[in-house]
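Colleague: Sharing a structure below in structure tokens format, with a few things to ask.
Coordinate-derived values only; no laboratory data. The model shown is predicted, which means the values in this text are computed figures rather than measured ones. Glycine also receives a Cβ, built like all others from the backbone with ideal geometry; neighbour counts cover every protein chain displayed.
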Amino acid sequence: MRGFRAAAGVAAALAAYAAHADGQELRPSGKLLLTGGVSDVEGAGGGGLATWATITGYETRDGIGANLHGTMVDLPDYRFTAFGGAVGFLDRIEISYARQAFDTGDTGAKLGIGKGFTFHQDVFGAKLRVAGDAVYGQDRWLPQVAVGAQFKKADRGALVKALGAKDDQGVDWYVAATKVLLDQSLVLDGTIRATKANQTGLLGFGGPKNDGYQAQFEGSAALLLTRRLAVGVEYRTKPDNLGLKEDDWMDVFAAYAVNKTLSVTAGYADLGEIATFGGQRGLYLSVQAGF
Amino acid sequence: MIRLLTISAAVCLAMAATPLLAAEKPVDPYVQSNANAGVTPFAGDEMLRAFHGPQGVSRIVDEMLARVTTDPRTKEIFAATDMERLRRVLKEQIVYILGGKVDYTGRDMKTAHRDQGVQQTDFNILVEHLQTAMDHEHVAFRAQNRLLAKLAPMERDVVVR
Ligand code: HEM
């Protein structure tokens, strides 16, 4: 519920901002290729696993941009998929939604919850750019900084509580800093997230080991190879509230902008141990269509 | 009468001596300075060589200007522009930034763009045309980005709305 209130606040800020920008011509599709990042697993503009300070879509401060995305991570014992969309307003505010599915496949039977048992989660996100400009601020150290909230709701309440989670919904709060170092053809991001989420929320929030907010880190480093192609690495730390030896996540990826409408991200993700099954490494594939 | 003749002779001489400038329209007076280029240039000649010298820059600027002045999204902005002058000072500015031994004789970015109504979208369109022109000149991507790193902060002076 708190998440919805945050979203309402952001909507009000947006209306105020739009009124302020009145009199300016609205223009579509102005940002440079890949500088807005792609869609991450939680639906926000970012890398694959990390949320960035960039506002999704190719709009500049003169327009509105939107995109849809689909992401899949094919793991040895599970399959993760996510679909969603995001809208960026005036390169200032981003509203996003993703529906994640974590399919246990044959592993479900081994876990005693049934073959093909699938956990779902809805993620509603709002992000506000508060300082700096990742691209134009090349003469300054200040990165682009954004603050955001993600309201998450898992659908298997009874089961995640049986696993020890205190709640099946929660809100993550984050501060993200992103900098494009054009001089080095690098994009760097570092994000601090206050969260109670277990496996980013798919296994609920809080647990027997810990039920408070903890600060976690997620970050990306990407090298721009051409106007269309970037390669990078990511890392994301996670709490272990359930005492199930929850691991940090990492990946290596290549993002390719076919054009301003379509980008494809392919990578290799290491999600560590998930629900007693270790070595969850596999192909990461994400497709994003922007408008 | 004699005085008038001398004056017109002098004017003719001056025009003959500066045939390039003759095609340019006069602009409001301003103080000439390399500081008007807006950034500190690269040291050494590595960057200018990556752009194939002043000739390479000249080809890039010509193509970029041809593109922005025909692109339906931006051409209106250049409708009243003295292209002779813009072409000359823009080449100077880029060569100067890349470390060339030239002086930039144009105006500062704020003054030059004050009345042009450039939006952030236009800025990015121009950068994309510049990237295409640099690609056609076969300038290495990393060298392209190093120049763009110098130009990007000019957004604050060029974009006025
Ligand atoms: C980093 C980007 C840019 C640089 C380095 C740059 C550079 C220059 C220079 C050197 C001049 C001439 C100054 C003088 O006459 O003394 C100029 C003028 C002009 N620029 Fe730019 N410019 C940039 C971006 C833009 C953009 C994005 C537009 C519009 C799409 C634009 C439109 C113009 C126009 C219309 C003039 C002519 C002004 C006049 O007629 O007085 N410029 N620019």
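Colleague: May I ask for the distance between the Cα centers of region B:110-136 and region A:37-98, given as a whole number of Å?
Modeller: 28 Å
Colleague: Still on this model: Angle between the Cα long axis of helix B:83-97 and the longest principal axis of chain B, 0 to 90 degrees, nearest 10?
Modeller: 60 degrees
Colleague: Using the Cβ atoms and a cut-off under 10 Å, what net charge is assigned to the surroundings of residue A:121, where Lys and Arg are +1 and Asp and Glu are -1?
Modeller: That sum, taken over residues with Cβ under 10 Å, equals 0.
Colleague: Per residue of B:116-125, how many C-beta atoms from partner chains lie within 10 Å of its own C-beta, taken as a mean?
Modeller: 6
Colleague: Between A:184, A:258, A:199, whose Cα lies farthest towards the positive end of the dipole of region A:2-284 when Lys and Arg beta carbons carry +1 and Asp and Glu beta carbons carry -1, centred on the Cα centre?
Modeller: Result: A:199, furthest along the dipole toward the positive end.
Colleague: Counting other Cβ atoms within 10 Å, which chymotrypsin sites (Phe, Trp or Tyr not before Pro) in region A:170-207 have at most 15 and lie in a DSSP loop?
Modeller: none
Colleague: Next question. Order of B:83, B:47 from fewest to most other C-beta atoms within 10 Å?
Modeller: B:83, B:47
Colleague: Once you charge only the Cβ atoms, +1 for Lys and Arg and -1 for Asp and Glu, what is the size of the charge dipole of chain A about its Cα centre, to the nearest 20 debye?
Modeller: In debye, rounded to 20, chain A gives about 340.
Colleague: Moving on. Any aspartates and glutamates with Cα under 12 Å of the residue B:110 Cα? List them, leaving off those in the same chain fewer than 8 positions away.
Modeller: B:155, B:157
Colleague: With respect to the cross-link table entries A:115/A:152; A:260/B:101; A:127/B:91; A:179/B:75; A:153/A:245, which display a Cα-Cα separation exceeding 30 Å?
Modeller: A:260/B:101; A:127/B:91; A:179/B:75
Colleague: Additional query: How would region A:100-231 be classified by its alpha-carbon gyration tensor: rounded, prolate or oblate, with rounded meaning a/c under 1.5 and the a/b versus b/c comparison settling the rest?
Modeller: It is prolate, given that a/c is not under 1.5 and a/b is the larger ratio.
Colleague: Which whole number gives the average count of other chain Cβ atoms within 10 Å of the Cβ atoms across peptide B:142-148?
Modeller: So the per-residue partner count for this stretch is 5.
Colleague: Another question, if that's okay. Could you tell me how many degrees, from 0 to 90 and to the nearest 10, lie between the Cα long axis of helix A:2-20 and the main elongation axis, the longest principal axis, of the Cα atoms of chain A?
Modeller: Around 10 degrees separate the two axes.
Colleague: Also: From the backbone phi of region A:232-247, what are the Karplus-calculated ³J(HN,Hα) couplings (6.51 cos²θ - 1.76 cosθ + 1.60, θ = phi - 60°) in whole Hz, Gly and Pro given as x?
Modeller: Once rounded to whole Hz, the list reads x, 10, 9, 9, 9, 8, 9, x, 10, 5, 7, x, 9, 6, 5, 9.
Colleague: Right, another one. Once both axes come from the Cα atoms, what is the angle between helix B:120-136 and the longest principal axis of chain B, in degrees from 0 to 90, rounded to 10?
Modeller: The angle comes out near 90 degrees.
Colleague: While we're looking at this one, here's another question. Output needed: percent of Cα pairs per 5 Å distance bin for region B:31-158, bins running from 0 to the one holding the longest distance.
Modeller: With a bin width of 5 Å, the distribution comes to 2, 11, 21, 26, 23, 13, 4, 0.
Colleague: Once the Cα gyration tensor of the protein assembly as shown is found, what semi-axes does its equivalent ellipsoid get, as square roots of 5 times the eigenvalues, in whole Å, sorted largest first?
Modeller: 54, 21, 17
Colleague: OK, next. Would you mind counting up the charge near residue B:46? Only other residues with Cβ under 15 Å from its Cβ, with Lys and Arg at +1 and Asp and Glu at -1. Don't skip to the answer; put the middle values down first.
Modeller: Working: positive: B:49, B:101, B:142, B:146, B:150; negative: A:183, B:45.
Surrounding charge for residue B:46 is +3.
Colleague: Something else about it: Which residue, A:276, A:51, A:71, has the most motion in a Gaussian network model of chain A that connects Cα atoms within less than 10 Å?
Modeller: A:276
Colleague: Which one, A:135, A:49, A:80, is farthest towards the positive end of the dipole of the protein assembly as shown when Lys and Arg carry +1 and Asp and Glu -1 on their Cβ?
Modeller: Value computed over the given set: A:135.
Colleague: Suppose we keep just the DSSP beta bridges with both residues in region A:139-291; what percent of those would be antiparallel, to 5?
Modeller: Close to 100 percent.
Colleague: Further question: What are the residues whose amide H is under 5 Å from the amide H of residue B:159, where those residues sit 5 or more places off or on another chain and H is modelled from the backbone?
Modeller: Excluding prolines and chain starts, which carry no amide H, there are no hits.
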